[in-house]
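Data block below; observations after.
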Amino acid sequence: MAKKMTKFWIRISVLAVLVILFLAMGPFYIVNEGKQVVVTRFGSIVKTHTDAGLYFKVPFIDQLTTYPKLVLSLDGDAQRIPTKENQFIIVDTTSRWRIENPEKFYQNFTTLDNAYNKLSDIIDSATRTVITQNRLSEIVRSSNIINEIADEGADDQDEETKEIENLVAVANTNESVNKGRNELCKQMTAEANKSLGDYGITLIDIVPRQIKYSDELTESVYNRMIKDRNQVAQAYRSLGEGKKAEWLGKLENEKRTIASEAYRKAEEKKGAADAEAARIYAEAYSKDPEFYAFWKSMESYKNTLKNYDALYSTKMDYFDYLYSADGKR
């Protein structure tokens, strides 16, 4: 009986040691949330697990490759790309993607680094393809809100501002956007996904993180801005000169009008005064015609004789009041 008990405990001990050794070899593994696992045996894929949980593998034979299940990001390198107008811009993109099929992903890339390199090339190619087919305005703008604001503002502008804009001709220089940056981003994503069908990858989107003008385009843009501002300044100067001439003309017309009115009133006063003087003279003449004749002669002598140095004859009626014996004609 004792021998049987001893054998029983030996067996139990051996079994326990075997279980401990088996567990020490790691036959179980856990797939955490946000992870997915590819199980390979001798280089061949045995199974894949995309759900979190506890799973079994053959120790020392099965190999586990873990991939993230969450959305991943990829920041591309800045590219110098020509637009449809052959204007070069610097485009820096960022993308979101995820591993949709871990088995295909393992077969094509094995590691994330290999996937990043391949995906970067595909994204760069898709970005270049779409940008070279579109105008610069489509790439840097998403809507026509600039034109709409300009049109709304034009309705509220005063006549002077409208006149300036007509002179400058900058009110409608903004090109209309037919697609916009958001639509081009969708086209880039669709173009890239064409090359990712068998790679087990889904590209969610491609977004330009930064768009910069190239050095030569930057200089061209600055020169255009300077030209536009100079054009606006010249328009203001021209408008100012025009207003100045207009107001000087109005001032000259008003001055002439005032002078003409003053001359008219002066002539009216002068005419009235002459008429009054003639009336007084007539009235005085009618009272004493002889004295009136004498007075007028004296006035005439006073005004005329001083201009003559010598007189060769005084025998004329004009000198009656000077040389007649009785002082009369």
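See the values below:
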read-out: VAL71, VAL177, VAL58, ranked by accessible area, largest first (probe 1.4 Å); value: VAL71, VAL58, VAL177
read-out: Surface accessible to a 1.4 Å probe, per residue, for the residues of segment 224-291, Å²; value: 86
read-out: Spacing of the two label points (7 Å from each Cα toward its C-beta) at ARG98 and ILE45, in nm; value: 1.8
read-out: Centre separation in Å (Cα based) which lies between segment 204-269 and segment 73-121; value: 52
read-out: Residue pairs, from the table LYS69/LYS186; LYS104/LYS194; LYS35/LYS57, whose Cα atoms sit over 19 Å apart; value: LYS69/LYS186
read-out: Carbon/sulfur fraction of accessible area - segment 84-142, other protein chains in place, 1.4 Å, %; value: 41
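The values are calculated or read from the model by the stated rules, or taken from the named source; none is laboratory data. Keep in mind it's a predicted model, so treat the numbers as computed, not measured. Reconstructed Cβ throughout: ideal geometry from the backbone, glycine too, with neighbour counts over all protein chains shown. Areas reflect the complete protein model, heavy atoms only, side chains present, ligands, DNA and RNA absent. Shrake-Rupley method; radii C 1.70, N 1.55, O 1.52, S 1.80 Å.
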